[in-house]
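The values are calculated or read from the model by the stated rules, or taken from the named source; none is laboratory data. A quick note: this is a predicted structure, and the numbers were derived from the prediction, not measured. For neighbour counting, all protein chains shown are included, and Cβ atoms are generated from backbone atoms with ideal geometry for every residue, glycine included. Note: accessible area is taken over every heavy atom of the protein model, side chains too, but ligands, DNA and RNA are not part of it. Shrake-Rupley method; radii C 1.70, N 1.55, O 1.52, S 1.80 Å.
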Amino acid sequence: MASAVAFLRSLWSIRAWILLVLAFVLPCQLIIEATPESRCAYVICVVAILWVTEALPIAVTALMPIFLLPMLGVQKGQDVSKNYVNDTSTLFLGGLFIAVAMEEVNLHRRIGVAVMRVLGSRVNTLMLGLMLPTWFLSMWISNTAAASMMLPILVAITEQMEKLERERHVDVEVAGDKKNGEAAVDDVNLEIEEDVALSKRSKELKWMSKGFALCVAYGANIGGIATLTGTPPNLVLQGQADIYYKEHGNTASNITYVSWLAFAFPLSLILLFLAWFYLQLVFLRRKCCKGTEAARKKAIQSAVLKEWKSLGKISFAEVEVLVVFCILALLWIFRTIPDVGGWGDLFMDVKTGKTSMARDSTASILVSTILFLLPREVPNIFCWFKQSEDTPRPGYRPILTWQTAQSKVSWGVIILLGGGFALADAATKSGLSSYVGCQLTFFKDTDPWVMNLVVCLVIAAITEITSNTAIASLSMPIVFELATSVGLHPLYMMISTAVATSFAFCLPVATPPNAIVFSTGFVTIPDMTKVGIPMNIVAILVLTLAINTWGKAIFDLDNIPSFFPSVLNTSVCQDIVPKTMAPNLTTMAANATTMALGLTTTVPLTTP
């Protein structure tokens, strides 16, 4: 027995090597067919297995297409590498710089506590007070940072409520106010009643603490949906949509900061209030013990006031970052407004005179650069010129330094975005995307909204166990071809898929905010799963409503762009891939995926 345990431990210690070998061996049947499509499918399968199993760091796996695609003859090295730094990745980089600046000057914490002071007087409004700042900040900074910022406030409020409730004795009313000759309540019975009441309040407080923790997690997950830079899957959508649009002769997709804000902000706001109502129903339906409401209100106000005083007066750097942040938001919104125009029209292409040279990334990097110049404190210019041995000359400190950017910017996410763009570009240019589209034509008789709903349910289930950015990168080419194969606008499926990857409410491993609140010990995995599954279903239903109503109007999803070729014609599909290759490629990919997921059933290969 001991030897078996030792063997298993040694095997577990080298699991990364085992998974790495399996990732390259399991889909190797795809290389048998010496075609660009099959070799590109092999690379995608290898990367998918490594992303799901996390045998290597996700960002390291995202770099593998740089050498796998050229070595297998799918694409040239320079064509692959250029996908890693493009307009979308630089847009995201600028947003990360802004987020780091907010964290550096502690502006994000001041915003959160300020909202708590306004809304945190009662238990139900406290839940909204925890959700609202987390939701708002997640639009602009990483959801991990937003959840981490709210965590100390959450713990302080819970501890303060518990402390005050323990200090307070339950008022026990004596019936009849000691009427004539009526005996007083026995001291022993009074103590027993107080212990029972205290135990009841303690259980109730633990139950409410679970709701408080999930408010922070849900607010962080929902907030990232609202803006284009709020979460990486949104940028995966924009980047891969631009690749497909340019591949078919158009300049870029119509997914801009304004169009996405118009679609996703109402969706995110609706989900925020639905989540708030839902969590109230789950965690506040129990009746409070008598007299505890006043104590809890006092505890909440005391904890929030203590946090507010610890921040001190607003600093010069906080004001600067707030102004810069507002300027960037205005530049993003007013760059180009449909049928109106914007400041982007001032920088038109000299050759055509029709296309603006400025993009959202232009404003993002411009404002980010300013953060490396603005001083952290009010500069004392006279001290710069005054030489004195007694009073040292103050040094100039910018809000952001490159050392800070190096240590706090999530560079790995940018690489992950680039890996997804590289795979999408390779799938398009190798012909794999067109081949997959031909294989999906059997969905043509399915109602679009039903197909969209099923895809969202599948994506939301998968994103519970792996990175939402990785899932978005892998699924975008598939849903693009699925949409075009059945005669739908490609953005109809792609937008829904991107948003669905953010619906990770069930497991701690699904998203960093879930893991952060799980670390407090307030919630358990069964708690999170039991509450998260209904929330996932509600979110997907709201998404289905949104994409089929105002989403269609904003992105003009009822009119398929003429430059997208239709693959509904079977003769087109016959020209794309040989008849003998189609069953083998499909079967081999299915077998590789099945084996990678640890299943035992495989499909027999067909012979050419």
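Over 20 Å between C-alpha atoms is what I'm after, so list which of LYS206/LYS297; LYS163/LYS297; LYS306/LYS408 land there. Please report the intermediate quantities before stating the final value.
Details: LYS206/LYS297 16 Å; LYS163/LYS297 13 Å; LYS306/LYS408 28 Å.
In this structure, LYS306/LYS408 exceed 20 Å between Cα atoms.
Round to a whole number: what % of the accessible area of the range 407-556 belongs to carbon and sulfur, probe 1.4 Å? Can you show the working numbers first?
Details: 3470 of 4820 Å².
Roughly 72 percent of what the probe reaches on the range 407-556 is carbon or sulfur.
Please sort 467-479, 98-110 by packing, taking for each peptide the average over its residues of neighbouring beta carbons within 10 angstrom, highest first.
Numbers: 467-479: 25.4, 98-110: 22.2.
Result, highest mean first: 467-479, 98-110.
To the nearest 10 square angstrom, what accessible area does LYS206 show with a 1.4 Å probe?
130 Å²
Could you work out how far apart the two model spin labels at SER407 and ILE14 are, taking each label as a point 7 Å from the Cα in the direction of the beta carbon, and quote it in nm?
3.8 nm
How much net charge surrounds TYR257 when only the other residues with a Cβ under 11 Å from the Cβ of TYR257 are counted, with Lys and Arg +1 and Asp and Glu -1? Spell out each step's value before the answer.
Details: positive: ARG335, ARG359; negative: ASP360.
My count for the surroundings of TYR257 gives +1.
What order do THR466, THR90 take when sorted by accessible area (1.4 Å probe), most exposed first? The partial results should precede the final answer.
On the way: THR466 5, THR90 40 Å².
Per-residue accessible area, sorted high to low, gives THR90, THR466.
Just to check, using Stokes-Einstein with a Kirkwood Rh over alpha carbon pairs, what's the diffusion coefficient of the range 1-72 at 20 °C and 1.002 mPa s in µm²/s?
Numbers: Rh = 13.4 Å.
Using the Kirkwood radius from Cα pairs, D works out to 160 µm²/s.
Gain in length, ILE270 to TRP308, computed as 0.36 nm per residue apart minus the alpha-carbon separation, to one decimal in nm? Working shown, then result.
On the way: separation 38, 0.36 × 38 = 13.68 nm, distance 2.92 nm.
Using 0.36 nm per residue and subtracting the Cα-Cα distance, I get 10.8 nm.
Gap in Å between the Cα centre of the range 456-511 and the Cα centre of the range 1-76?
Here the answer is 22 Å between Cα centres.
Accessible surface of GLU307 in the full protein assembly, 1.4 angstrom probe, to the nearest 10 Å²?
30 Å²
I'd like the accessible area for PHE24, computed on protein heavy atoms only with a 1.4 Å probe and all protein chains in place. Round to 10 Å², please.
Rounded to the nearest 10, the figure is 60 Å².
Around SER356, which amide H atoms from residues at least 5 apart in sequence, or from another chain, sit under 5 Å from its own amide H, with H modelled in the peptide plane?
Correct list: ASP349.
Please give, to one decimal in nm, the separation of the simple spin-label points placed at LEU373 and ASP558, each 7 Å out from Cα toward the Cβ.
According to this spin-label approximation, the distance is 4.8 nm.
May I ask you to derive the FRET efficiency for ASN254 and TYR396 from their Cβ-Cβ distance with R0 = 45 Å, giving the value to the nearest 0.05?
So the FRET efficiency works out to roughly 0.55.
What's the extension gain from VAL454 to MET71 if we count 0.36 nm per residue and subtract their Cα-Cα distance? Please report the intermediate quantities before stating the final value.
Values: separation 383, 0.36 × 383 = 137.88 nm, distance 3.68 nm.
Difference between extended and current length: 134.2 nm.
Which value in nm describes the separation of the simple spin-label points at LEU366 and GLN301, placed 7 Å from the Cα toward the beta carbon?
Taking the two extended label points, one gets 4.7 nm.
On full extension of the chain, what length is gained from GLU247 through ASP445, given 0.36 nm per residue of separation minus the C-alpha to C-alpha distance? The partial results should precede the final answer.
Numbers: separation 198, 0.36 × 198 = 71.28 nm, distance 2.77 nm.
Full-extension gain reported as 68.5 nm.
If packing is taken as the average number of other Cβ atoms within 10 Å across a peptide's residues, how do 272-278, 42-48 rank, most packed first?
Values: 272-278: 17.9, 42-48: 24.1.
Going from most to least packed, we get 42-48, 272-278.
Could you work out the Rg to Rh ratio of the range 37-162, with Rh taken as the Kirkwood radius (inverse of the mean 1/r over all Cα pairs)?
Numbers: Rg = 21.6 Å, Rh = 18.0 Å.
Here the Rg-to-Rh quotient is 1.20.
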